[in-house]
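Visitor: There's a structure below that I have some questions on.
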Amino acid sequence: MKKEFGNLAKKYKQALMEDILPFWENHSIDKEYGGYFTCLDREGKVFDTDKFIWLQCRQVWMFSMLYNRAEKRDSWLKIAKNGADFLAGNGMDKDGNWYFSLTRRGEPLIAPYNIFSDCFAAMAFGQYYIATGDEKAKNIALNTYRNILNRKDNPKGKYSKSVSGTRPMISLALPMILANLSLELEKLLDESILKKSLENCIEEVTGHFLDKSKNIIFENVAPPNGSHIDCFEGRLINPGHGIEAMWFMMDIAQRQNDKKLIEKCVQVILSTLKFGWDEKYGGIFYMLDVFGHPPQQLEWNQKLWWVHLETLVALIMGYRLTGNNECWQWYQKVHDYAWQHFADPEFGEWFGYLDR
């Protein structure tokens with residue numbers, strides 16, 4: 001593959017605008033109750049009507065973001081409103097915590113045990129506020145963000161199934177998504193709050209979860225300083241999460257003109273790819289044990305679409321910021337695998353999950 005970035009950009013834009021978006025515009029909108037259908041088969045037929053907060057929020061964010069950054073298309077804003085109104089009316093409990101899932105009509109199904117519902121909700125309403133100027137959306141975004149910070153040290157709260165104190169452990173997922181979320185809400189947050197949040201995210205992700213000897217990110221470590229625990233969770237490496245976290249860090253580093261952090265992130269991305277790439281069949285493993293033991297997750301050797309797309313984002317960002325040719329070489333490899341295996345040439349869109 002030649003370094004014809006204009007052609008590459010055209011390929012991805014065309015796939016997004018002419019293939020991916022029409023699939024969701026045509027098949028996912030629930031015009032009767034609001035929100036979106038997200039359990040669709042290859043032909044776009046709905047096979048389950050439950051509404052998962054993560055996916056509802058991602059769709060509000062996506063169509064709001066497209067309206068804000070790509071084109072002021074009224075149809076996109078209408079789709080975003082369809083989800084935002086549904087979520088504002090049904091998505092939270094009395095304390096402002098976001099449920100995990102709802103029925104089609106909006107009745108709560110699963111309690112608000114998962115703080116990532118809140119993270120995606122804050123992103124969605126932040127972007128929707130930028131699109132509409134709706135003060136209610138702004139308040140939802142900011143109140144949810146504050147709630148996330150208050151729950152940060154015990155995110156599951158009363159819904160946690162772990163026995164407190166026996167094996168304390170902190171997870172990468174929350175500080176990494178807070179890095180992305182804080183930048184998403186940059187226009188809404190006070191500068192001091194934003195600065196402190198970003199500094200904390202950098203310290204936690206690159207200080208606690210990054211193993212300096214292996215140069216890869218662990219999914220779970222022991223508080224307070226990131227020591228390793230010899231158990232399933234403590235040995236877990238999620239290559240997609242580690243790589244995604246690195247492009248979040250590079251996003252912050254660009255803002256701060258921190259070239260040293262950018263270079264560190266690029267090296268972690270490359271180390272993670274070497275560790276997580278399937279040399280036999282190609283693609284990036286979903287989960288791995290750092291010592292090569294069988295992971296607890298039965299789906300460990302599947303290939304997931306988001307892992308490969310986040311990796312493409314990280315690699316092209318790393319190449320743009322550093323010119324490291326190894327980023328470009330890996331980009332070509334991941335690009336070729338993704339387009340050969342995930343894209344559905346018959347019905348459009350991409351497959352989400354592949355076997356090994």
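Readers should treat all values here as calculations from the given coordinates under stated rules, not as data from a laboratory. Source: prediction; values computed, not measured. Positions of Cβ are backbone-derived with ideal geometry, glycine not excepted, and every protein chain shown enters the neighbour counts.
Visitor: Viscosity 1.306 mPa s, temperature 10 °C: give me the Stokes-Einstein translational D for segment 4-48 in µm²/s, with Rh taken as the Kirkwood radius over C-alpha pairs.
Guide: Details: Rh = 11.9 Å.
Result for D is 133 µm²/s.
Visitor: In addition: Which percent of the Cα-Cα distances in segment 169-356 go past 21 Å?
Guide: 51 percent
Visitor: So which helices of the chain fit the span-like rule, where a helix is a whole DSSP H run, its Cα atoms reach 30 Å or more along the axis, and its mean Kyte-Doolittle is at least -1.0?
Guide: Answer set is empty.
Visitor: Averaged over every viewing direction, what's the projected area of the C-alpha convex hull for segment 19-152? Give it in nm², one decimal, please.
Guide: Details: hull surface 31.4 nm².
Approximately 7.8 nm², given one-decimal rounding.
Visitor: Ranked highest first by the average count of other Cβ atoms within 10 Å around their residues, in what order do 327-333, 247-253, 287-293 fall?
Guide: 247-253, 327-333, 287-293
Visitor: Using the scaling law 2.2 N^0.38 Å as the reference, what is the normalised Cα Rg of the chain? Write down the numbers at each step before the final one.
Guide: On the way: Rg = 20.1 Å, N = 356, 2.2 N^0.38 = 20.5 Å.
Normalised Rg, Cα atoms only: 0.98.
Visitor: Here's another thing I want to ask about it. Over segment 14-97, what number does the Rg to Rh ratio reach, with both radii from the alpha-carbon atoms and Rh per Kirkwood? Can you show the working numbers first?
Guide: Numbers: Rg = 13.0 Å, Rh = 13.3 Å.
Using Cα coordinates only, the ratio equals 0.98.
Visitor: Something else now. Run the helix sum for the chain: -39,500 (n - 2.57) per DSSP H stretch of 4+ residues, divided by residue count, reported at 222 nm to the nearest 500 deg cm²/dmol.
Guide: Roughly -17000 deg cm²/dmol at 222 nm, from the helical runs in the chain.
Visitor: If you find the alpha carbon centre of segment 161-179 and of segment 42-95, how far apart are they in angstrom?
Guide: Computed from Cα coordinates, the inter-centre distance equals 28 Å.
Visitor: Packing-wise, with mean Cβ within 10 Å as the measure, how do 346-355, 84-93, 154-163 rank, highest first? Mind dumping the intermediate values first?
Guide: On the way: 346-355: 13.1, 84-93: 20.5, 154-163: 11.0.
Peptide ranking by packing, descending: 84-93, 346-355, 154-163.
Visitor: Any idea what the relative contact order of segment 19-152 is, in percent, if you count C-alpha pairs under 8 Å spaced at least 6 apart?
Guide: 23 percent
Visitor: Something else now. Can you pull the one-decimal nm distance between simple spin-label points at SER160 and ASN215, each 7 Å off the Cα toward Cβ?
Guide: 3.5 nm
Visitor: Hey, which of these cross-link pairs are over 22 Å Cα-Cα: LYS10/LYS280; LYS51/LYS78; LYS11/LYS333; LYS212/LYS260; LYS2/LYS280?
Guide: Beyond 22 Å between Cα atoms: LYS10/LYS280; LYS2/LYS280.
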